[in-house]
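Input: a single structure, listed below in structure tokens.
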Amino acid sequence: MNEKIDTRYAIGRKEANAYNTQELRDAFLVDTLMTEGKVVWIYTHYERFMLGSAVPTASALTLETIEDQLKMPFFTARREVGVINIGGPGTITVSGTTYHLDNEEALYIGQGNEEVIFESDNASNPAKYYLNSAPAHHAYPCKKIGSADANVLHLGSQETSNQRDIKQLLINTVVDTCQLQMGLTRLHTGSVWNTMPAHQHDRRNEVYFYFDMDSESRVCHFMGEPHETRHIFVANEEAVVSPPWSIHCGVGTGSYAFIWGMAGENLDYDDMDKFPPSQLR
């Protein structure tokens, strides 16, 4: 693949504080995902984390290298990839082994797998593969993670409007990874706050990908420093990149779900610095 992809360079706290609305969206919002018939990638300079999507319709899609950014002969030569399907059923073939993924099932693809092919069972109801990738130092085995394999946390309450189920799919208690972690959070009916208290990870980045939203609904995603917050209104199947210095939480105008993906210094899911609402400005 010779096509150059969207690159997001690392932006500091003071610089982001001076951004207007459009500059903030240009720097941190990703609104090009889930394009039918294409593999889409965004390369960030936060932990060299990449996010993307693959939506095969009538034809299969192949995971190819990006020459300008990766300088590698194939995509996973020095990378691991996490996949979560939010669409119809499909298959992913990795080095000759085929994995079938239903809706909300995941696949971990380890370093060193030259052949990765994405397909949908039905072109009229295509699979929608959401992709995250991080640099890898070891070749761990590929593994499918179904709903029964995930570790599920039940957090929040109806009284605080944040009752939710957190499906941990790619974390170190479920699958061996170098640094990549991914999961899916779904809110209960009537709950709108996705992550409260807000928190930040000084030792890793995080990306939120929002989906299952009505066309007119939006999530107001909060970011920035706790004492200097900013917000971005996010539509269906859009993502927000959170630098390590930024908090992340959000509130929706209707029902929604989101996928979180992280990479960085450690694999401790609970390594986060929390900020209750009383500390936010």
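The values are calculated or read from the model by the stated rules, or taken from the named source; none is laboratory data. Keep in mind that what you see is a predicted model, and the values were worked out from it rather than measured. All Cβ positions, glycine included, derive from the backbone under ideal geometry; neighbour counts span all protein chains shown. What goes into the accessible areas is simple: the full protein's heavy atoms, side chains included, and nothing from ligands, DNA or RNA. Shrake-Rupley method; radii C 1.70, N 1.55, O 1.52, S 1.80 Å.
Please work out which residue is nearest to S59 (Cα to Cα), limiting yourself to segment 16-37 and to residues that are open to solvent by less than 50 Å² (accessible area, probe 1.4 Å) and part of a loop (DSSP other than H, G, I, E, B). Per the stated criteria, the residue is G37.
Could you list, in sequence order, all residues of segment 246-274 that are more than 19 Å from D214 (Cβ to Cβ), open to solvent by less than 40 Å² (accessible area, probe 1.4 Å) and either over 15 Å from the mean Cα position of the chain (by Cα) or of a type in the set (A, V, I, L, M) (or both)? Of everything in segment 246-274, those that are more than 19 Å from D214 (Cβ to Cβ), open to solvent by less than 40 Å² (accessible area, probe 1.4 Å) and either over 15 Å from the mean Cα position of the chain (by Cα) or of a type in the set (A, V, I, L, M) (or both) turn out to be S246, I247, M262, A263, D271. Taken over segment 213-240, the criterion of being surrounded by fewer than 17 Cβ atoms within 10 Å (Cβ to Cβ) and closer than 22 Å to L131 by Cβ is satisfied by A235, N236. For A198, the test of being in contact with a Leu (Cβ under 9 Å, 6 or more places away or on another chain) and under 16 Å from I84 (Cα atoms) is failed. Restricting to segment 37-77, name every residue that is more than 21 Å from T93 (Cβ to Cβ) and not hydrophobic (A, V, I, L, M, F, W, C). Scanning segment 37-77 gives Y43, T44, H45, Y46, E47, R48, E67, D68, Q69, K71. Taking segment 244-281 as the range and being under 19 Å from V219 (Cβ atoms) and either free of Cβ contacts under 8 Å to residues at least 12 places away in the same chain or assigned to a loop (DSSP other than H, G, I, E, B) (or both) as the test, the residues that pass are S246, I247, T253, G254, S255, Y256, L280.
Checking I84, I117, I66 one by one, the residue that is among the β-branched types (V, I, T) and open to solvent by 30 Å² or more (accessible area, probe 1.4 Å) is I117 and no other.
Every residue, every condition in (1) over 20 Å from the mean Cα position of the chain (by Cα); (2) of a type in the set (G, A, S); (3) over 27 Å from G252 (Cα atoms); (4) modelled with pLDDT under 95, yes or no:
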site	(1), (2), (3), (4)
Y129	no, no, no, no
H137	yes, no, yes, no
D149	no, no, yes, no
D165	no, no, no, no
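Quick check: anything in segment 142-157 touching a Lys or Arg at 6+ places or on another chain (Cβ under 8 Å), assigned to a strand (DSSP E or B) and open to solvent by less than 10 Å² (accessible area, probe 1.4 Å)? No, every residue in segment 142-157 fails to be touching a Lys or Arg at 6+ places or on another chain (Cβ under 8 Å), assigned to a strand (DSSP E or B) and open to solvent by less than 10 Å² (accessible area, probe 1.4 Å).
Only one entry in L131, L180, L169 is open to solvent by less than 40 Å² (accessible area, probe 1.4 Å), touching a helix residue (DSSP H, G or I) at 6+ places or on another chain (Cβ under 9 Å) and closer than 29 Å to I66 by Cβ, namely L169.
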